[in-house]
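Visitor: Dropping the structure in here first, questions after.
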Amino acid sequence: MKVAVLGAGAIGAYVGAALHRAGADVHLIARGPHLAAMRQHGVRVLSPRGDFTAHAHATDDPTQVGPVDYVFLGLKANSYAACGPLIEPLLHRTTAVVAAQNGIPWWYFHRHGGPYDGHRVESVDPGGAVSAVLAPERAVGCVVYAATELEGPGVVRHLEGTRFSVGEPDRSLSKRCSDFSEAMVAGGLKCPVEPDLRNDIWLKLLGNISFNPISALARATMRQMCLHGGTRKVIETMMAETLAVAEALGCEVGVSIERRLAGAERVGDHRTSTLQDLERGKPLELDVLAAVVELAEITGVQVPTLRTVHAISDLLALRTAA
C-alpha cells in the first residue's frame with residue numbers, strides 16, 4: 001500500500017508514522033522547519049502509549065512521490081480548493097482521498113439519497129471549487145477522535161485518543177475502506193469502518209462547532225470552558241441547536257450533551273486546534289459554523305446562538321487573516 005500524507009502536520013504526521021510502522025510505503029508532504037526535521041530525524045511521536053520514531057520519506061514535492069493508492073489529506077479545509085497542483089501528481093484512476101476534515105465535508109450530500117441528494121454546501125464548496133479539485137467519487141470520509149499537537153519541528157505529541165472512523169459517502173462497506181482500516185489497525189490505531197459515517201460527523205461536530213470558536217474567543221482550554229458556568233451554558237445551547245439540524249437531516253448522534261461535555265472536561269487543559277492556530281497567527285478554520293448555519297437554512301431549523309457565535313468568530317477570523 002502506497003500512501004501520501006498531504007499536509008503532514010500534527011494529525012497527518014501521526015497517521016503517517018503509524019502507517020509506516022505497519023509497513024506501508026508512506027510519503028510525508030510538508031514544508032519548512034518541520035519538513036527539515038522529519039527528513040533528518042524522522043517523525044518522533046511522544047505518546048502515553050509509548051514513544052516511537054518513524055523514518056518515512058518526507059518531501060515538499062509531490063512529483064517525487066507519484067501516484068499513490070491513498071492520499072491522507074491533513075490540510076486545513078480552507079486550503080482544499082487551492083491544493084490542485086499538490087494533489088494532482090499523487091492521483092491515478094482509483095486513488096482514494098481520505099480527508100481528515102472537521103465539520104461538514106464537501107462531499108456530504110454525494111450519494112446521500114433523499115431530497116438533498118447532490119446538493120452542494122456552498123460554505124465548504126464555494127462554486128464547486130473544492131469538488132473540481134477533489135472529486136467526490138474519490139472521497140473516503142474520516143472522522144478524527146485523536147488529539148495531537150506539534151511540540152516542535154518533527155515532534156508530534158499524542159495527547160489522547162486513537163480512533164479514526166472511516167466510511168463511504170454511499171454507505172457501502174468497500175474494499176478500499178477495509179484495506180485502509182486494516183493498515184491503520186496494524187499501525188496501532190483504531191479505525192472502524194462505519195456504515196453511515198455521517199452520524200460520526202455530527203458527533204464530532206458537536207465539539208468542534210462549540211469548543212473551537214469559544215476557545216479562540218475566550219483564549220481558553222477545554223477544561224476551562226467546561227468549568228465556567230457561562231461558557232458551559234453557551235456550549236450546551238450550541239450543541240442542542242446542532243443536534244436539531246442533524247436530526248432534520250436524518251442523523252442520530254446517540255450521545256447526550258452532558259456526556260459530550262464530560263468527555264471534553266476529561267481532556268483537561270488541552271488547547272483546541274483553532275486556539276493553537278490563533279496563537280500562531282494562522283488562518284482560523286471556522287467553516288464548520290458557516291456550514292451548519294447553511295444547513296439550518298435549508299432544513300428550516302432555528303439556530304440563533306450558532307448564528308451569533310458565527311458572526312463574532314467570523315470577524316475574529318477576518319481580523320486574524322488581515
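Visitor: Given the options 21, 49, 44, name the one that is modelled with pLDDT under 95, over 19 Å from residue 87 (Cβ atoms) and open to solvent by 30 Å² or more (accessible area, probe 1.4 Å).
Guide: The unique qualifying residue is 49.
Visitor: Is the range 315-322 home to any residue that is crowded, with 20+ Cβ neighbours inside 10 Å, out of contact with any Gly (no Cβ under 7 Å at 6 or more places or on another chain) and closer than 17 Å to residue 202 by Cα?
Guide: no
Visitor: Another question, then. Just name the residue that is nearest to the chain's Cα centre (by Cα) out of those in the range 67-111 that are open to solvent by less than 10 Å² (accessible area, probe 1.4 Å) and not hydrophobic (A, V, I, L, M, F, W, C).
Guide: 103
Visitor: Could I ask something else about it? Looking only at the range 213-260, count every residue that is outside any helix (DSSP H, G or I), of a type in the set (Gly, Ala, Ser) and open to solvent by 50 Å² or more (accessible area, probe 1.4 Å) and tell me the total.
Guide: Residues meeting the conditions: 3.
Visitor: Cβ contacts < 6 Å: first residue charged (D, E, K, R), restricted to the range 20-41; second residue surrounded by fewer than 18 Cβ atoms within 10 Å (Cβ to Cβ), any location; separation 6+ or different chain. Result?
Guide: 25/2; 31/60
Visitor: Can I ask one more? Only one of these conditions is not met by residue 236: (1) of a type in the set (D, E, K, R); (2) modelled with pLDDT of 90 or more; (3) under 19 Å from the mean Cα position of the chain (by Cα). Which number is it?
Guide: Looking at each condition in turn, residue 236 falls short on (3).
Visitor: Mind checking which residues of the range 144-197 are among the hydroxyl-bearing types (Ser, Thr, Tyr), at pLDDT below 95 and open to solvent by less than 40 Å² (accessible area, probe 1.4 Å)?
Guide: The one that is among the hydroxyl-bearing types (Ser, Thr, Tyr), at pLDDT below 95 and open to solvent by less than 40 Å² (accessible area, probe 1.4 Å): 148.
Visitor: A further question follows. Looking at the range 104-112, is at least one residue in contact with a helix residue (DSSP H, G or I) (Cβ under 8 Å, 6 or more places away or on another chain), assigned to a helix (DSSP H, G or I) and either free of Cβ contacts under 8 Å to residues at least 40 places away in the same chain or not β-branched (Val, Ile, Thr) (or both)?
Guide: No, the range 104-112 contains no residue that is in contact with a helix residue (DSSP H, G or I) (Cβ under 8 Å, 6 or more places away or on another chain), assigned to a helix (DSSP H, G or I) and either free of Cβ contacts under 8 Å to residues at least 40 places away in the same chain or not β-branched (Val, Ile, Thr) (or both).
Visitor: Can you tell me how many residues within the range 294-306 are in a helix (DSSP H, G or I) and either among the aliphatic types (A, V, I, L, M) or within 22 Å of the chain's Cα centre (by Cα) (or both)?
Guide: Going through the range 294-306 one residue at a time, the tally reaches 5.
The values are calculated or read from the model by the stated rules, or taken from the named source; none is laboratory data. Quantities reported herein were computed from a predicted structural model and do not represent experimental measurements. Backbone-built Cβ (ideal geometry, glycine too); neighbour counts: all protein chains shown. Note: accessible area is taken over every heavy atom of the protein model, side chains too, but ligands, DNA and RNA are not part of it. Shrake-Rupley method; radii C 1.70, N 1.55, O 1.52, S 1.80 Å.
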